[in-house]
1. Quick one: of LYS29/LYS98; LYS53/LYS104; LYS57/LYS119, which pairs are farther than 24 Å apart, Cα to Cα?
2. According to a simple spin-label model (label point 7 Å from Cα along Cα-to-Cβ), what is the distance in nm between ALA48 and ALA61?
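Each value in this text was obtained by applying a stated rule to the coordinates, not by laboratory testing. Quick caveat, the model's predicted, so the values are computed rather than measured. Note: ideal-geometry Cβ built from the backbone for every residue, glycine included; neighbour counts use all protein chains shown.
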Amino acid sequence: MKKTFVLIAICVSVCGIATAADAPKNPMKPGKWEITTQMDMPGMQMPARTFIKCITKEDAANVESAIPRGRNDASCTLSDVKVDGNTVSWKMNCEERKVSGEGKITYENDAYSGEMHMKTPDHEMTIKHSGKRVGDCDAAK
């Protein structure tokens, strides 16, 4: 009985450690990020859009915060989110808008670049993403 208890305790301990170690680590560091996106569709290239986003320590604890998302993507679901070294890949499905896609971004030091390929019933598009950490987030006022 005592051996069984010890074996169960060891198994629970090891399984807990393996789960924590297997959790994907977000390569995006906390701070102020300058992010640029540009959408390309066959026959049309949209102008690039650049904005600033503050990534908090809490955001950086969640690998999904490393995935670029648009204003209209709040109802979209992410799946197959993977981190392989400094590369984050994912799939996205937006049932309401009938849009699906997959993307990949790679981090190098305090910058990243990558793209996402999206499909709608009418057309396909590629969204290019790049970002660089430009400092610490501004203090809340």
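1. Working: LYS29/LYS98 32 Å; LYS53/LYS104 19 Å; LYS57/LYS119 33 Å.
Listed pairs above 24 Å: LYS29/LYS98; LYS57/LYS119.
2. Between ALA61 and ALA48, the simple spin-label model gives 3.4 nm.
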